[in-house]
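All remarks here apply to the structure that follows.
The values are calculated or read from the model by the stated rules, or taken from the named source; none is laboratory data. As the structure is a prediction and not an experimental result, all values here were calculated from the model. Here the Cβ is made from the backbone with ideal geometry for all residues, glycine too, and neighbour counts use every protein chain on show. All accessible areas refer to the heavy atoms of the entire protein, side chains included, with ligands and DNA or RNA removed. Shrake-Rupley method; radii C 1.70, N 1.55, O 1.52, S 1.80 Å.
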Amino acid sequence: GGSVSIDKPPVDLWLQVASVKLFGFSSTTLKLPEIFAGIAAVPLLYAAVRRMWSATAGIAAALAIAVLPVAVITARSDTMDAVMMALIVLTLLLIVRSIETESTAWLLAGAAVLGLAFNVKLLESLVALPGIAVLAFLGLPGPALKRVLRLSLAGLVYVVVALSWLSATLI
């Protein structure tokens with residue numbers, strides 16, 4: 001007859017459930033998604049920064065996130081912060097890729113991933129949104145109106161993905 005109440009969409013919890021189903025219940029299996037997300041954020045950040053600046057800058061950024069105390073602590077716990085961080089870093093990489101290739105598809109993929117990050121940790125994921133939006137606006141080619149239209153489309157994708165958890169609660 002016990003129940004659990006959560007205050008966030010269950011995306012991160014689904015990862016924990018999958019881990020427990022695959023490897024059995026233990027504190028380690030509950031933490032595996034966070035561990036893998038913390039590890040994945042390092043090469044993702046390297047790739048994004050290397051593309052924007054240089055391999056040296058990428059290594060410095062990757063090293064910084066690998067030893068940053070809050071990143072290490074959250075990757076070793078069963079909270080959902082490391083998954084959100086990895087998704088935000090993946091968003092950055094996708095936006096950088098969009099700027100490089102002048103591709104709207106990469107931009108929309110980045111918006112969708114940031115929407116997924118919202119589904120992991122809600123408003124905390126919005127901290128990265130202004131910086132990513134400015135980077136996209138300044139980096140995308142073309143006249144300002146075209147960039148605004150592309151960013152508006154990306155914003156729509158973000159909102160649809162971010163609010164998709166509402167449809168699950170209405171069913």
Any chance Trp106 is among the aromatic types (Phe, Trp, Tyr), free of Cβ contacts under 8 Å to residues at least 60 places away in the same chain and under 17 Å from Leu129 (Cα atoms)
yes
Just to check your reading of the model, which residue among Leu126, Leu116 is part of a helix (DSSP H, G or I), open to solvent by 50 Å² or more (accessible area, probe 1.4 Å) and under 28 Å from Ser27 (Cα atoms)?
Leu116
State whether one or more residues within the stretch 136-155 are charged (D, E, K, R) and surrounded by fewer than 12 Cβ atoms within 10 Å (Cβ to Cβ).
yes
Screening Leu94, Leu108 for residues that are modelled with pLDDT of 95 or more, closer than 21 Å to Val42 by Cα and open to solvent by 10 Å² or more (accessible area, probe 1.4 Å) leaves only Leu94
Take the stretch 45-55 and flag every residue that is in a helix (DSSP H, G or I) and open to solvent by 40 Å² or more (accessible area, probe 1.4 Å).
Tyr46, Arg50, Arg51, Met52, Ala55
The one condition in (1) modelled with pLDDT under 85; (2) closer than 23 Å to Leu114 by Cβ that Ala41 fails to fulfil:
(1)
Could you please let me know if Ile35 is closer than 19 Å to Ala117 by Cα, open to solvent by 40 Å² or more (accessible area, probe 1.4 Å), at pLDDT below 85 and among the β-branched types (Val, Ile, Thr)?
no
